[in-house]
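For reference, the structure is listed below as structure tokens.
The values are calculated or read from the model by the stated rules, or taken from the named source; none is laboratory data. Computed from a predicted model, the values in this text were never measured in an experiment. Positions of Cβ are generated from backbone atoms using ideal geometry, with glycine treated the same way; all protein chains shown enter the neighbour counts.
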Amino acid sequence: MPNYFLHTHISRVSFLQRLLDSFLIFFIYWVIKVIFFNTWESIHFVAAIVSVAFFLIIAELRGLYRSWRTSSMHDEINTLFYTWATVVFFLLIYVFMTKTAEDYSRTAVLIWWFLVPITLTMMRLLIRQILKQSRQQGKNIRKVAVVGNNHIGFRLVNQLEHMPWAGLVINAIFDFNHTSASTVKIGMRTYPLHSVETLIAKVHAGEIDSVYIAMPLHHEHHITELVDALADTTASVFILPDLFIFELTHARWIDFGGLPLISVYETPFNSLYGWVKRAEDVLVASLILMFISPLLLLIAVAVKLTSPGPILFKQNRYGLNGAIVEVWKFRSMTVCENGDIINQAQKNDTRITPLGAFLRKNSLDELPQFFNVLQGSMSIVGPRPHAIAHNEEYRKLIKGYMLRHKVKPGITGWAQINGWRGETDTLEKMEKRVEYDLQYIQNWSLWLDIKIIFLTMFKGFSGTNVY
């Protein structure tokens, strides 16, 4: 295997990976149906093709076919399982919407759903093992130079040392301020320390494949000088930004007409992801409303009969980008506060009706918000909307509070399934809720939404501090 085979043919390898995954998904289903259940009809062929299509689309969104050279096997397998779980979720919706469940053997489908991720995982483990043995023989490795005798460079070196599977071997550390050879100790290991002039010579001699420039951004002139010098070589060059970039909670790299930009505050639901999120909301909300419509009618009648006032309580709250939206709830109090001063519900609150206490304790008062989701003002998953009066109070006290409005408010959220729902009687409690909301926005994925929806069924409808 030539040293640069995989690097040179990376696009072909990626294509073959997609082809192999598609074949295995289809083949496993065919084997189960034909060999073990002795049946194969056109509807089974369509189901297999639809599954492959779902898998390839979601795999692209999840980044399953990117280069995993610098990532652990654990990360790759997690992405694979999340991708397949999302496919299964959409297949369940597909079967339900088309009403073809009776045409499929539940046993065959369950076996297939179980075997596919295991088979694809075993294939990836085999590929990793082949690459590992190849790199142990000195093939398909990259000789790496780190430019930066500083905390940024040291952090990069430590990261490289913790990724032996990547086949990235550190040749030496280089620095503009050193003119003679010496050594530098990073962690438990000692590395040669050379001048940048020595680096250029080594690159020209073919002793270094990749150069990682790890220097503070205020050394722009040194970075530019080195990049210009390396332009006369075939080495791959990477620039590690200042740690300041990584400490920005919401920082993302984006492409701006070919120019790389760092997005500090931005919604994750641009372009395709916005359509995916909306499709998820419409499908899930429609299915849930179909199932809970008798319950909605029962609660509505109970609210009307047990206390005077409207069935629904409609309150203005901040929505996407801070726009005012009207959020619906079953009325659980004797009052309908919607002004500049709103007191949060507390333990033994006299405003709460007996029925309202039960509804609030089990989050049943929130059920009308599925209609808000269909309207487009809310989402199934997202930061819980707060009353406008509370928003205006906390935006002055909590840094980044308003960033939670970069997405639509949700019926459930990452903060709620982690225990931060109900009364926020201290600033610390609200800070934790906002912290989890921002984590959700930063790390959003379709699988994360599915995970939150699933966990909400077990621990999202009740809490000890819900009044």
Inset, instruction - For segment 227-243, enumerate the residues that are over 12 Å from Gly148 (Cα atoms) and surrounded by 11 or more Cβ atoms within 10 Å (Cβ to Cβ). - result: Val227, Ala229, Leu230, Thr233, Ala235, Ser236, Val237, Phe238, Leu243
Legend entry - Filter result for Ser286 (hydroxyl-bearing (Ser, Thr, Tyr), out of contact with any Leu (no Cβ under 9 Å at 6 or more places or on another chain) and part of a helix (DSSP H, G or I)): no
Inset, instruction - Quick one: count up the residues across segment 25-44 that are farther than 18 Å from Arg106 by Cβ, in contact with a helix residue (DSSP H, G or I) (Cβ under 6 Å, 6 or more places away or on another chain) and without any contact (Cβ under 8 Å) to a residue 60 or more places away in the chain. - result: 1
Legend entry - Residue ID - nearest to Lys143 (Cα to Cα), chosen from residues in segment 171-185 that are crowded, with 20+ Cβ neighbours inside 10 Å and not charged (D, E, K, R): Asn171
Inset, instruction - Working only within segment 368-396, note down all residues that are out of contact with any helix residue (DSSP H, G or I) (no Cβ under 6 Å at 6 or more places or on another chain) and not in a helix (DSSP H, G or I). - result: Pro368, Gly376, Ser377, Gly382, Arg384, Pro385, His386, Ala387, Lys396
Legend entry - Criterion: among the charged types (D, E, K, R), part of a strand (DSSP E or B), at pLDDT 80 or above and surrounded by 15 or more Cβ atoms within 10 Å (Cβ to Cβ) - qualifying residue of Lys202, Lys143: Lys143
Inset, instruction - Kindly establish whether Ala48 is in a helix (DSSP H, G or I), closer than 22 Å to Ile453 by Cα and modelled with pLDDT of 80 or more. - result: no
